[in-house]
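Okay, so here's the structure we're looking at.
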Amino acid sequence: MVENIRIGVFVCDCGSNIAGVVNVPDVVDYARGLDHVVLADEGRWSCSVDYLSKMQDLIKEHQINRVVVASCTPRTHEPLFKRTVKEAGVNPYLLEFVSIREQVSWVHMQEPEIATEKAKDLVKMGVAKAALLEEGQEIRLPVKTDCLIIGGGMAGMSAALNVADQGFNAVLVEKEPQLGGIMNQLCFISHDHYKSPAAILVESKAAQVHAHPNVTVYTDTHLETVEGYIGNYRVTLKPNGDGSSGNIDVSTVVVATGMQELEPEGQFLYGDDPRVVTQLQLDRMLRDKAVQDVKSVVIINCVNSKNETRGCCSIGCHTSVKNAIALKTLHKNASVQILYRDLSMVKEEGDALEKAKKIGIKFLRFPDDRYPVVATENKNLIVQVFDLLIGKEFKLPADLVVLTTAFKGDETVEHIKGLLKVSSNADGFFQESHVKLGPLEFPADGISLCGCAKAPMTFKESCEAGTGAAMKVSIPMKRGYVEAEGIVADIDLANCNQCSICWKRCPYSAIKVDAEKNPEVIKALCKGCGLCAADCPKECISIVHYSDEQVMAQVEAALEDDPDRKIIGFVCHWCALGGVDMAGVSRLQYPSNARLIRVMCSARVSIKMMQHAFDLGAAGVLVAGCEFPTCHYITGNYAAEKRIKRTKSKLAKAGYDPERLWNIWCSAADGPKFAGTMREMVKELNLK
Amino acid sequence: MSDAILVIGGGIAGINCAMNVAKYGTKVYLVDDTASIGGMMARLDKTFPTNDCSICIEAPQMYDVDNHENIKILTNTEVRKVKKVNGEFQVRLVTKPKFVDEEKCTGCGACVEACPVSVPDEMDGKIGGKRKLVSMAFPQAVPNVVSVDPACRHGEMRKAGACIGDCKVDCSQCRECPIALCVMACEKEGKKAITHWQSSKNMKIDVKSIVVATGITDAKPVGDLLGYDVYKNVITNAQFERLMNAGGPTAGEIIRPSDSKHAKKIAWIQCAGRGLAEGKGTPYCSKICCMISTKQTIITKEHDPAVETTVFYNDLKAYGKGFWEFYRKAVDNGVDYVRARPYEVFEDPETKNLTLKYEDLESGELEIKEVELLVLASGIISNKRNKKLAKVLKLELDHLGFFKEKNPLTAPLETKVDGIYLCGGATGPIDIAESVVQASAAAMLALQNNLQVKS
């Protein structure tokens, strides 16, 4: 069905913010002459309640089915206009937003005529794209209320209880015969010496878990396979030993596989001399009251930590102080010494340090590059250590040497990360989706991460993370669905040659393949970055609202007149457009040559798009994305960077000067950087 | 009966807490006593250990919160009274006037341009940051509206050149103002958003649970600690952060306050004020300052690799995932880490350079070092407004001014009042990722409480 396209263009004055520079009536007149435009109107304040209702009336009156709003920036105002057109009966994906304040009037204040011309161009580009827009809609995938929790330590149990308390079903799988994880090896918790033995904390939590009607516990069981995605996981569990495996279906997953000590085999006589133990072994000895009558204990911190391959173990300092206090309390006359590099004890942990010093525990700092040496002399253990502060080497006799070792992820991590298609670091700790803002999540929806599976944590932190992870998986379970914005990929299999690039490169595992390697987008999981579409060699992937045709139409409209003085800028919606907006807010003035085209991610920009601009005579092309390592689609900017390199060599082969293709990676605060790049480009490309 | 949750504090913890609750389907009041949500994180340039641009990752979350149908944001708003009735909280909120009609203001900035008076910005004061008497908290502020400094409206800025203030009639009595330049600028734009006659608004809400997310504060060195109050070129971590921020008062130029010249030799002093009595310094390890300074050295080197950077420290706190690697990156980039105990700072009155006297802990020698800019890692303290809020909520603070948990082991983030939970900097010094984890956990606890007190 060929629909009669009727475009309405609404140009905002923003008081004098736009109208003070841009001749808005002129732009409105110009818009009226463009193809498919049935109405163009000027609004003093388009975002005011009065004008929004006028806009709705006009849409209805003129049967407008595509809307172009030319005003401030989509980053702040697009949701408002989307709601407005939706209420007027127009699908919100049929709205195109054109930024003529941040990109025009605020940055070309001294050149009203040129600014007006640029505003016209941007409106023309918006109309060209609007004519090709297609309806979109949010996509939902049903999610039921069964959650698999992998790992029955404190984090896993906290997650399970919180899931179950809401009336959802928690399936808790633990590979060991009993719940508790690494806590089962501990004597006491560092925060609270002797008041709360670890065993009591574990027992009370485990009792709650076992008693909860909504928690199904599988101990002594491992995961054989996991298939599917949020809302649709099929999990195969197998009891350790002989039992036969069984399937369960769940909707969400919490990963809480914990950690283990990295045993310092062959170092510091560990493994050779039974008097050399790790902190966990000491904890077990303390728990079992198996510490013999010791006279001299030497604790060595940072064993295999803070070196070339591994970072701080996070919990060693207070573990060493905790256990030193425990030993000293048991054997008041014993000498207890902690050899350390840095003591990092936060807030009230500092009080424990003071207590340790008060009861006579000695601290001795050794240099980062000169670790203590453990040796035997006449069957006696001797620790040789260079005291950094005194500047002298000492020989410390010891009848017990305790090594504060580093940790690594559980041995099941390799298997599980393959099953769930997530990643881990060299030490076997799972990689969260964002170090700062996504600490409980993986890139794929529906899988959450908590506890020491992410990194070593204290007891308290693990419990908090378990509760937080339960929050994350509970949201889709409570809503009953997971929803994606309508900007998603769509694969036309007609041309597909099963090359596998799309599903292998998708950062969200949102493309599945069938037995014949035919890809299919799980639309509810797609975030719409467009990486797959830009990389597809057969061009059979389209992105709603950012299709090849739509972007090309913008390029063509921009370059219709005077292409040789124009720069086509592909700008990512997040940081780069943030930088553009920042330049505007800061009223940084820069040359007006650029015509910016918004894409969700710099990874959307295909070689074809860049080359098309040059084919049409563009003076230059700029691709602007998020500054590394930030990317709202995890690694889109990295993909874009690689592709730009490839484009340059392609351009050279096609006879274009590859130096006319520029790229910048800019943050949302980088107004000066964006404005500076504009000036530089114009200068380097010899533009007027 | 209301099913809502109140989140007090609109920093990254409050934002994440509110977002989780809202996505779950429950209504949230997100209350902040400043003019915008965003908190401490909105002021940062970068975040460790990845050097992500702070506002780039926070602003989208701020817009999401702003656009979520289940979230009501109330800025400039304080919690004044809380009464628990049948397991629910009756809360009285007071919104202090911004002297701006939030519905009408579009954040265009015409009034800011018209305002004749600039004053030092509270946060950026020492590094030359200024704001007008009518201003926006920061460019990405949510809500994106300006506010008028109450001092102007109260007539206190008349001497500084303010256009209003010596009328016979109090502003609250007028409904228009023929003399205020901001009002006229706004009217010229066709808006009547500036309303000097605005008064405080009271609001009563009923909620089932409350989450306290009041955040942390950077400690200001007290008195002449290491020259802070005496010498212009001694600044804090927080001020340096603004200095290197492209969105800050110097547009990201690392220049020193005394002469606006690029600083070529910069030193950081860790644990500045640590161990001093409460009120005079930060008596404990604040956990995150080592990484803050490490980040600042790395970014400084990125701006200009020739800048000489030295960090004087005692114990290096590199406790989180990737933190130690971050420190090593700094060392690889040529940052000099010296284990030292600095004890005195002198300024050359001519060059305004600073000479630092310190004891090198490794050699035991007394040494000196001359630098052009000195940055103090003065630590993280509790929000000073915690005290008042604790009283309103009937909660206890620990001796450091942070909110006390019911039992950190068996009931983390819970308080002695059922239905009130904690997250983020309200519990102690904390980094962004840990705040986000706690925010999710506190949201979960609050929602569980809502389920239990179903009436």
Residue hits (region B:212-239; charged (D, E, K, R) and under 13 Å from the mean Cα position of the chain (by Cα)) are B:Asp218, B:Lys220
Taking the condition of being buried (at least 21 other Cβ atoms within 10 Å of the Cβ) and more than 22 Å from B:Val142 (Cα to Cα), how many residues in region A:71-91 meet it? 2
Just one listed residue, out of A:Ala426, A:Ala469, is within 29 Å of B:Asn51 (Cα to Cα), at pLDDT below 95, outside any strand (DSSP E or B) and within 14 Å of chain B (Cβ to nearest Cβ), and it is A:Ala426
Failed condition for A:Ser433, given (1) of a type in the set (Gly, Ala, Ser); (2) out of contact with any helix residue (DSSP H, G or I) (no Cβ under 9 Å at 6 or more places or on another chain); (3) facing chain B (nearest Cβ under 7 Å); (4) under 18 Å from B:Asn20 (Cβ atoms), with all others met? (3)
Filtering region B:296-320 down to residues that are surrounded by fewer than 22 Cβ atoms within 10 Å (Cβ to Cβ) and outside any helix (DSSP H, G or I), which residue is farthest from the other protein chains (Cβ to nearest Cβ)? B:Glu308
Among the residues of region B:167-179, are any in contact with a Lys or Arg (Cβ under 8 Å, 6 or more places away or on another chain), in a loop (DSSP other than H, G, I, E, B) and outside the structural domain of B:Asp32 (by TED's automatic domain parsing)? no
Identity of the residue in region B:38-63, charged (D, E, K, R) and over 13 Å from the mean Cα position of the chain (by Cα), that ends up nearest to the other protein chains (Cβ to nearest Cβ): B:Asp52
Only strands (runs of 3 or more DSSP E) wholly contained in region B:349-455 count here; list those with 1 or more residues that are of a type in the set (Lys, Arg). B:354-360, B:366-371
Considering each of A:Ala426, A:Ala469 in turn, give the residue that is surrounded by fewer than 20 Cβ atoms within 10 Å (Cβ to Cβ) and in contact with a Ser or Thr (Cβ under 8 Å, 6 or more places away or on another chain). A:Ala426
Please give the number of the condition B:Arg131 fails out of (1) out of contact with any Gly (no Cβ under 9 Å at 6 or more places or on another chain); (2) in contact (Cβ under 8 Å) with a residue 60 or more places away in the chain. (2)
So B:Ser199 passes all but one of these: (1) within 14 Å of chain A (Cβ to nearest Cβ); (2) of a type outside the set (D, E, K, R); (3) surrounded by fewer than 17 Cβ atoms within 10 Å (Cβ to Cβ). Which condition number does it fail? (1)
Matching residues in region A:374-393 (within 14 Å of chain B (Cβ to nearest Cβ), in contact with an Asp or Glu (Cβ under 7 Å, 6 or more places away or on another chain) and either in a strand (DSSP E or B) or basic (Lys, Arg) (or both)) number 1
Tell me the residue from B:Ala251, B:Ala160 that is part of a loop (DSSP other than H, G, I, E, B), within 14 Å of chain A (Cβ to nearest Cβ) and over 26 Å from B:Gly428 (Cα atoms), please. B:Ala251
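If you check A:Ala159, A:Ala170, A:Ala155, which single one turns out to be part of a strand (DSSP E or B), within 14 Å of another protein chain (Cβ to nearest Cβ), in contact (Cβ under 8 Å) with a residue 40 or more places away in the chain and surrounded by 18 or more Cβ atoms within 10 Å (Cβ to Cβ)?
Going through A:Ala159, A:Ala170, A:Ala155 in turn, the sole match is A:Ala170.
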Test for B:Leu393: is it within 13 Å of chain A (Cβ to nearest Cβ) and either among the polar types (S, T, N, Q) or under 26 Å from the mean Cα position of the chain (by Cα) (or both): no
Could you tell me which numbered condition B:Arg242 fails, if it satisfies all but one of (1) within 14 Å of another protein chain (Cβ to nearest Cβ); (2) in a loop (DSSP other than H, G, I, E, B)? (2)
Please determine whether any residue of region A:495-511 is among the charged types (D, E, K, R), within 30 Å of B:Asn16 (Cα to Cα) and within 14 Å of chain B (Cβ to nearest Cβ). no
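The values are calculated or read from the model by the stated rules, or taken from the named source; none is laboratory data. As the structure is a computational prediction, the values presented were derived from the model and not from experiment. When we count neighbours, we look across all protein chains shown, and the Cβ atoms used for this are built from the backbone with ideal geometry, even at glycine.
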